[in-house]
Amino acid sequence: MVAHKLFTTLKPEHHKNLHWYWYVAKDMMEPIVAKKKQLETEDTQSWFHSQEVNVMFDSEMICRAWIDGLRRNQNTHLYGEVSQEDGIWRDKAGNQAKDVIGVNPGKFSWAKGLLGAIERVRGQGGF
C-alpha cells in the first residue's frame, strides 16, 4: 500500500525516479510477506532496540563495495522490484505476492488489523 500511495501521488513523469523493492532472500525467487515469515524475533524488545541509521556516502568505491556485498547475500535486485506503473510486486506470471492486501485493503481493514493484534497477544496470531 505504501509504494502504491507513493506512485499515485507522484506525477507520472517522476515514476521513473522511484525504485522500490521487496526484500528477497538469497535462496528465494519472490518476497515472503511478513505474516508468513514466522519469525519469533519480531517482538517488542527487538523492535524498540533495533535502530536505523541513515548515512550518505559520496564515495563510488564505498557505495560499490556495499552494493556488491548486498547483492551477494540476497536476490532483491533480481526479483524484488515492484511495478513502476502502480507500485505492486508481481511474479513473471503477473500474480501479486501471496497474502498481500494489495492496493485497496477495504473499508474495514482497521478491524482486521485490530483482530490480528488481539490474536497475537493471545499467542494465536502470526507476525
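Tell me, which helices (runs of 4 or more DSSP H) wholly within the stretch 25-121 include 1 or more residues that are hydroxyl-bearing (Ser, Thr, Tyr) and either out of contact with any Gly (no Cβ under 9 Å at 6 or more places or on another chain) or modelled with pLDDT under 75 (or both)?
By residue number, 44-49, 76-79.
Yes or no: Gly87 on the phi > 0 side of the Ramachandran plot and surrounded by 10 or more Cβ atoms within 10 Å (Cβ to Cβ)?
So Gly87 fits the description; yes.
The values are calculated or read from the model by the stated rules, or taken from the named source; none is laboratory data. Because the structure is predicted, anything quoted here is derived from the model rather than measured. Cβ: placed from backbone, ideal geometry, glycine included. Neighbour counts: every protein chain shown.
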